[in-house]
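First the structure, in the form of structure tokens, and then the observations on it.
Just so you know, all these numbers are worked out from the coordinates, no wet-lab data involved. On a predicted model such as this, the values are computed, not experimentally measured, just so you know. Note that we place each Cβ from the backbone using ideal geometry, even for glycine, and neighbour counts take in every protein chain shown.
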Amino acid sequence: MTAVLVAGAGLASAPFAGADGTSPVVNDCVSGQSTIQPSSMLLACGDGGLSVRDITWSSWGPTTAEGQGTEYRRVCEPSCAAGHEATGATHITLRTLKDGYFTEAVITDLNGKPETWPVGPLRH
């Protein structure tokens, strides 16, 4: 799947997050690694139907991260099998820290409305 390959590209690993004063991290559900300023994020980890790619971060931490990217969304009309992929510019905000991990991503959907997605922390 293309989204899996793109979502894992360009990520920096961070073994521990935030507690010792390091930058907050976000989880990559594809690689299972904690990352700082990923260039791509898969938000719909269950089916791969939503990702943000080509992210340029304008700020990172200590309580939020802000960036711009391109949203790739599977449109399931009339069904997911017969649907298509839609793309568009989006703003992404990471927020709500827990133990040094961002736990929510807020994006503007293709209609300009805010949408919140859980992003971690990882569960083992």
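Mind checking which residues of region 99-122 are free of Cβ contacts under 8 Å to residues at least 40 places away in the same chain and within 11 Å of residue 27 (Cβ to Cβ)? Walk me through how you get there before you give the answer.
Going residue by residue through region 99-122, those that are free of Cβ contacts under 8 Å to residues at least 40 places away in the same chain are 103-104, 106, 108-116, 118.
Scanning region 99-122 gives 103, 118.
For region 59-71, a tally of residues being within 14 Å of residue 108 (Cβ to Cβ) and either of a type outside the set (S, T, N, Q) or surrounded by 16 or more Cβ atoms within 10 Å (Cβ to Cβ) (or both) returns 4.
Looking at 77, 66, 85 in this structure, which one is among the charged types (D, E, K, R) and not in a strand (DSSP E or B)? Spell out the reasoning first.
On the way: 66 fails: not in a strand (DSSP E or B); 85 fails: not in a strand (DSSP E or B).
Matching residue, one of 77, 66, 85: 77.
Among the residues making up region 88-116, a single one is among the acidic types (Asp, Glu), in contact with a Ser or Thr (Cβ under 9 Å, 6 or more places away or on another chain) and not in a strand (DSSP E or B): 109. When region 35-58 is filtered for residues that are surrounded by fewer than 18 Cβ atoms within 10 Å (Cβ to Cβ) and in a strand (DSSP E or B), the ones remaining, listed by number, are 54, 56, 57, 58. Scoring residue 82 on the criteria (1) farther than 12 Å from residue 50 by Cα; (2) without any contact (Cβ under 8 Å) to a residue 24 or more places away in the chain; (3) surrounded by 11 or more Cβ atoms within 10 Å (Cβ to Cβ); (4) over 17 Å from the mean Cα position of the chain (by Cα) leaves a single failure, condition (3).
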